[in-house]
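**Q** Sharing a structure with you now.
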Amino acid sequence: MKKISTYENKKVLVLGLAKSGFSAAKLLHELGALVTVNDGKPFNENPEAQELLSLGVKVIAGSHPIELLDEEFSLMVKNPGIPYNHPFVVKAQELDIPVITEVELAYEVAECPIIGITGTNGKTTTTTMTGLLLNAGDFPGTARLAGNIGYPASSVAQEAMVDDLMVMELSSFQLMGISEFHPHVAVITNIYEAHIDYHKTREEYVKAKWHLQQNMTEADYLILNWNQEELKKLSEKTKATVLPFATQQKLEKGAYSLDGSIFYDQEKIMEIAELGVPGAHNVENALAAISVAKLYGVSNETIKETLHLFRGVPHRTQYVGEIKGRKFYNDSKATNILATKMALSGFSLDKLILIAGGLDRGLSFDELIPSLKGIKALVAFGETKEKLVDVANQAGIPVVTTAENAELAVPIAFDLSEEGDAILLSPANASWDQYPNFEIRGERFMEAVKKLK
């Protein structure tokens, strides 16, 4: 990592721990900053805070005392999940304290180029595919996954060597806190309406996503989904070299699918049927990842072999196993309606039992009705179960029932199924009504499948 002196003897406040805050605090401490950490979790329940205290970092846990900001900090590193209307953040901005997220810090110390990947859906799968393709190729270093995919960027940046690449999944929350961040290659998989409870308007959400390219130049590459008119229009506002990808249309340059095959620069790479993961959305994810891989010289044969063997990422249309002729899939990462619609596109609906439900954000599920038509059965759970029962009945699903939670839905779904059916957890909702995160929801689902065996 670069040995920078930017933070020596500077007072820096890290607001919120979890993985990224913990990593940022340790890095800043190593860089000579006078670090104070403030986290809402009580100290005696907070192993990260306890470790930081043992290193000599000042720790204030269990509350957010606003008077802490009287200490004249030079910088605040904010956990991405903390909204900008949080009183602590508002006060910091009133005091002209710069507020960044941990990915900006990672960029400052990274010695290697960064590939930044964002979008409403498909970020994790595209990031994983990209890392696999690059590591299967011949470039001299290692493609290291980082960011929103679960590996704190500021930790990975310390380990990455000059010849490596950081393949960084980036959320809109993280991108709101960048200033100098500059990827050499950037991908926007798609943009739909999401996280309006955080961003307040769709315009602000799109603006956060578009931050990804703000420091890019014509020497950099911006890979965009040409199926979306919005991204086509936005492409006119970047200095980066735009590389499009699209489905069901031929492009003069870039990756596209047509007539059941995948092409790059009009040269066929593979059949869509050879992809190891189902669904139209995964074709788009593959096209985005192929676009990055071809920029780094990965051969067509390597791309074909790698994507054929790829079986998905945990909690994203993840194949769990088969019991008595029924195949189980864990798509717990589908925390919005669009993600569930995309997952459904990869299955024969007349042989599908869907398990869905979760946190009630006050949204309507009418948009889901066309995608539910033809499904064999639905088991709804969580706060939104009655809303989902209603739209399922409107969609004409013949068998509709409810369960208390995702794991209790599994035996119910199994009893409704026959040999040759698929049982899919694709909640279309966030998990926070019953689970700390979508990962735990998915793990409980998979544990319930194992119990059936």
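**Q** What FRET efficiency would be calculated for the residue pair Asn44, Lys3, taking the C-beta separation as r and a Förster radius of 45 Å, to the nearest 0.05? Please list the in-between numbers first.
**A** Values: r = 36 Å, r/R0 = 0.79.
According to the calculation, E is roughly 0.80.
**Q** For segment 342-445, evaluate the Debye formula with one uniform point scatterer on each Cα (no solvent term) and list log10 I(q)/I(0) at q = 0.13, 0.15, 0.21 Å⁻¹, rounded to two decimals.
**A** These q points yield log10 I(q)/I(0) values of -0.39, -0.53, -1.08.
**Q** Along each principal axis of its Cα atoms, how long is segment 284-351 end to end? Whole angstroms, biggest number first, please.
**A** Taking max minus min along each principal axis of the Cα atoms, segment 284-351 gives 42, 29, 21 Å.
**Q** Suppose every K and R has +1 on its Cβ and every D and E has -1 on its Cβ; what is the size of the dipole of the chain about the Cα centre, in Debye to the nearest 20?
**A** Dipole about the Cα centre, nearest 20: 540 debye.
**Q** Another one. Report the percentage of all Cα-Cα pairs in segment 11-100 whose separation exceeds 18 Å, rounded to a whole percent.
**A** Working: 1420 of 4005 pairs.
It works out to 35 percent of all Cα pairs.
**Q** Which entry in (i) 149; (ii) 254; (iii) 132 matches volume of the Cα convex hull per residue in Å³ derived from the coordinates of this structure?
**A** (i)
**Q** Here is a further query. If you average the C-alpha positions of segment 110-134 and of segment 70-86 separately, how far apart do those two centres end up, in angstrom?
**A** Segment 110-134 and segment 70-86 have Cα centres spaced 27 Å from each other.
**Q** Give me the one-decimal nm value for the distance between modelled label points at Asp259 and Glu203, 7 Å along each residue's Cα-to-Cβ direction.
**A** So the two model labels end up 4.5 nm from each other.
**Q** OK, next. Quick check for you: with a 1.4 Å probe and neighbouring chains kept, what is the accessible area per residue of the chain, in Å²?
**A** 41
**Q** Report the convex hull volume per residue for segment 59-120, counting only C-alpha atoms, in Å³.
**A** With only Cα atoms used, segment 59-120 gives 128 Å³ per residue.
**Q** Please list 327-339, 207-219, 176-188 highest first by mean number of surrounding beta-carbon atoms within 10 Å per residue.
**A** Result, highest mean first: 327-339, 176-188, 207-219.
**Q** While we're on this one: Quick one: what Rg and Dmax do you get for segment 196-329 from the alpha carbons, in Å?
**A** Every Cα atom of segment 196-329 included, Rg and Dmax give 17.1, 55 Å.
**Q** Related question: In Å, what Rg and Dmax follow from the Cα atoms of segment 120-206?
**A** Calculated on Cα positions, Rg and Dmax stand at 14.2, 44 Å.
**Q** What number, rounded to the nearest 500 deg cm²/dmol, is the helix-based mean residue ellipticity at 222 nm of the chain, given -39500 (n - 2.57) per DSSP H run of at least four residues and division by all its residues?
**A** It lands at -9500 deg cm²/dmol.
**Q** What part of the accessible area of the chain, given as a whole %, is carbon or sulfur when the probe is 1.4 angstrom?
**A** Carbon with sulfur: 49 percent of the solvent-accessible area.
**Q** Still on this structure: Ordered by packing density, taken as the mean number of other Cβ atoms within 10 Å over each peptide's residues, highest first, how do 353-359, 263-269, 79-85 rank?
**A** Numbers: 353-359: 26.7, 263-269: 15.3, 79-85: 16.9.
Output ranking for 353-359, 263-269, 79-85: 353-359, 79-85, 263-269.
**Q** State, in angstrom, two size descriptors of segment 103-309 derived from its alpha carbons: Rg to one decimal place and Dmax to the nearest whole number.
**A** Both quantities, over Cα of segment 103-309: 15.9, 45 Å.
**Q** Put +1 on the Cβ of every Lys and Arg and -1 on every Asp and Glu Cβ in segment 11-100; which of Leu69, Ser23, Pro42 then has its Cα farthest towards the positive end of the dipole?
**A** So the residue we want is Ser23.
**Q** Separate question: Along the Cα→Cβ direction, 7 angstrom out, place labels at Lys237 and Gln249. What is the inter-label distance in nm?
**A** Modelled inter-label distance: 2.0 nm.
The values are calculated or read from the model by the stated rules, or taken from the named source; none is laboratory data. Note that this is a predicted model, so its numbers are computed, not measured. Here Cβ is always computed from backbone atoms with ideal geometry, including for glycine, and neighbour counts include all displayed protein chains. Accessible surface is based on the protein model in full, side chains and every heavy atom, while ligands, DNA and RNA are left aside. Shrake-Rupley method; radii C 1.70, N 1.55, O 1.52, S 1.80 Å.
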